[in-house]
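> Encoded as structure tokens, here's the structure I'll be asking about.
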Amino acid sequence: MVTLSIWDMLLRVGVAVLCGGVIGIERGRKRRPAGFRTYMLVCVGAAMTMILSTYLAAMLTGPWAAVLPVDYTKIDVSRFGAQVINGIGFLGAGTIIVTGRQQIKGMTTAAGLWASACMGLAIGAGFYMASLICCVLIILTVVVFSKLEHLILSRSRNINLYVEFENTDDISDIVERIKSKQVKIFDVEVTKAKYSESKYPNAIFSLQLPKKMSHTVVMTAIAEIESVRSIEEL
């Protein structure tokens, strides 16, 4: 290769394997759809694409320039990298699911795959400093900031509760119990058992709590109703 030695290529691909694997390990520990090997492959593939772009740019302005019938020096070989960013979408879409409880899961995994592909492109271009900074920030986002997000959400006044109960007539008791705690009900979405993943009828309550009221207060109040089978904050 004109511009890169075999050691330089091994270094770039090796850094891609390392950075992609480190991010994938964290996702794999949480049993996410895309884990260790997926992140590693995405990052390595993106790095190889960028190495290919570098190779073509060097060849078109070097050894190939004398034998090509047309002037190719104005071709933008970085478009290979752009196709990686577009193509990674099908992997990201495969990690996003909507559960029977109307929860959307996999968004962070999909975003992580996309960011990992961008990181791989930077590694392939030899921009190691930006790649390492990107790797650190991605890890901070999925590990440290997830705890911060949980803390913020635990103090939010607006919550969604998934409640399973024995009979659809029991929903009136639940509503009364919620109102007794001075909690405002925005919306109630009821699903019958035959349309749900559970054998019990269930409902999703969108609530607004009074100031300084803990989420556990209203959840405990609902759980104390005998007909309630389970409750979960979404």
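Each value in this text was obtained by applying a stated rule to the coordinates, not by laboratory testing. Just so it is clear, the structure is predicted and the values come from calculations on it, not from any experiment. Cβ: placed from backbone, ideal geometry, glycine included. Neighbour counts: every protein chain shown.
> Which order do the peptides 127-137, 45-55, 113-123 come out in when sorted by mean C-beta neighbours inside 10 angstrom, highest first?
Most protected by this proxy first, the peptides run 113-123, 45-55, 127-137.
> For the stretch 120-130, just list the computed ³J(HN,Hα) in residue order, Karplus coefficients 6.51, -1.76 and 1.60, θ = phi - 60°, integers in Hz, with x standing in for Gly and Pro.
Along the stretch 120-130, the couplings run x, 5, 5, 5, x, 7, x, 8, 5, 4, 5 Hz.
> What fraction, in whole percent, of alpha-carbon pairs in the stretch 111-194 exceed 22 Å separation?
Tail of the P(r) past 22 Å holds 57 percent of the pairs.
> Got a sec to turn the phi values of the stretch 169-179 into Karplus ³J(HN,Hα) couplings, 6.51 cos²θ - 1.76 cosθ + 1.60 with θ = phi - 60°, whole Hz, x for Gly and Pro?
5, 6, 5, 5, 5, 5, 4, 5, 5, 5, 5
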